[in-house]
Amino acid sequence: DNWEQYIDLMAESVAINSGRGCINCSGIWASRHTKEIAAALAAKIGPIEVKPPTDPESKLAAFTVPGQGKAVWGMIEAEMKEAGATDLTSQYGDRLVEMERCSYLRPIVVHCTSPEVAISKKEYMFPFTTVVECPQDKMLEKIGYTLVGTVITKNEALIRQCTNATHIDRLNIGAIPTTKLNW
């Protein structure tokens, strides 16, 4: 119920290194407060602007292959038309920014009303995440394989289930961003 204290951790997991790492967070799953979580996360990362790569404040990487950014944005736009998917970052301006030699996709946070919404399991090479509403007893079954998972709960039974889950390659227990690796 104290999800607010974890928004910075979620934002870092989604957006650090322009969301380009295979360990960036592409899905946040919760049994409640998902609309509030998605809105708070969108408010945190949605306003991130495109800046020149030489700017020390630049947080977004460019798509340098001609048409790639536009194509990815087109796929996302089509997927967000499905019932149960809501883009919470559109209020912070255009997501696709096209320039002469490259394009950028600004962060996108999509709220999904269930794991059955197709976009809930998508991953992209920029700060993109879904916030998925799912009953706790169905989460491990529904999330599928993940390279890195962070579980934030005091529920010891859920922690044990996550620890035993063979489809979670690396498990962080507690307030640890998915991008923090210290083997």
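The values are calculated or read from the model by the stated rules, or taken from the named source; none is laboratory data. As the structure is a computational prediction, the values presented were derived from the model and not from experiment. Here the Cβ positions follow ideal geometry from the backbone for every residue, glycine too, while neighbour counts run over all protein chains shown. These accessible areas exclude ligands, DNA and RNA; they are computed on the full protein's heavy atoms, side chains included. Shrake-Rupley method; radii C 1.70, N 1.55, O 1.52, S 1.80 Å.
So the values come out like this:
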{"quantity": "Of all residues in segment 140-150 being among the β-branched types (Val, Ile, Thr) and open to solvent by 40 Å² or more (accessible area, probe 1.4 Å), the one that is nearest to Pro177 (Cα to Cα)", "calculated": "Thr150"}
{"quantity": "Segment 156-183, residues that are of a type in the set (Asp, Glu) and surrounded by 12 or more Cβ atoms within 10 Å (Cβ to Cβ)", "calculated": "Asp169"}
{"quantity": "Selected residue [open to solvent by 70 Å² or more (accessible area, probe 1.4 Å), over 27 Å from Lys142 (Cβ atoms) and either of a type in the set (Phe, Trp, Tyr) or modelled with pLDDT of 95 or more (or both)] from Lys35, Lys70, Lys81", "calculated": "Lys70"}
{"quantity": "Residue that is among the acidic types (Asp, Glu) and more than 15 Å from Ile119 (Cβ to Cβ), where the choices are Glu49, Glu82, Glu77", "calculated": "Glu49"}
{"quantity": "Out of Thr130, Thr146, Thr89, sole residue that is under 17 Å from the mean Cα position of the chain (by Cα), among the polar types (S, T, N, Q) and modelled with pLDDT under 95", "calculated": "Thr146"}
{"quantity": "The one condition in (1) in contact (Cβ under 8 Å) with a residue 40 or more places away in the chain; (2) touching a strand residue (DSSP E or B) at 6+ places or on another chain (Cβ under 6 Å) that Pro177 fails to fulfil", "calculated": "(2)"}
{"quantity": "Yes/no for Thr153 being polar (S, T, N, Q) and surrounded by 21 or more Cβ atoms within 10 Å (Cβ to Cβ)", "calculated": "no"}
{"quantity": "Filtered residues of segment 78-92 (kept if under 17 Å from Ile37 (Cβ atoms) and hydrophobic (A, V, I, L, M, F, W, C))", "calculated": "Ala85, Leu88"}
{"quantity": "The one condition in (1) in a helix (DSSP H, G or I); (2) open to solvent by 10 Å² or more (accessible area, probe 1.4 Å) that Ser120 fails to fulfil", "calculated": "(2)"}
{"quantity": "Residue within segment 8-20 that is part of a loop (DSSP other than H, G, I, E, B), open to solvent by less than 60 Å² (accessible area, probe 1.4 Å) and in contact (Cβ under 8 Å) with a residue 12 or more places away in the chain present", "calculated": "no"}
{"quantity": "Residues satisfying the stated conditions in segment 113-125, i.e. within 12 Å of the chain's Cα centre (by Cα) and closer than 13 Å to Gly27 by Cα", "calculated": "Ile119, Ser120, Lys121, Lys122, Glu123, Tyr124"}
{"quantity": "Test: residue in segment 148-159 that is free of Cβ contacts under 8 Å to residues at least 40 places away in the same chain, in a strand (DSSP E or B) and farther than 27 Å from Val50 by Cβ", "calculated": "yes"}
{"quantity": "Which numbered condition Gly93 misses (of (1) in contact (Cβ under 8 Å) with a residue 12 or more places away in the chain; (2) on the phi < 0 side of the Ramachandran plot)", "calculated": "(2)"}
{"quantity": "Residue count for segment 21-53, restricted to those that are in a helix (DSSP H, G or I) and either hydroxyl-bearing (Ser, Thr, Tyr) or closer than 20 Å to Phe63 by Cβ (or both)", "calculated": "2"}
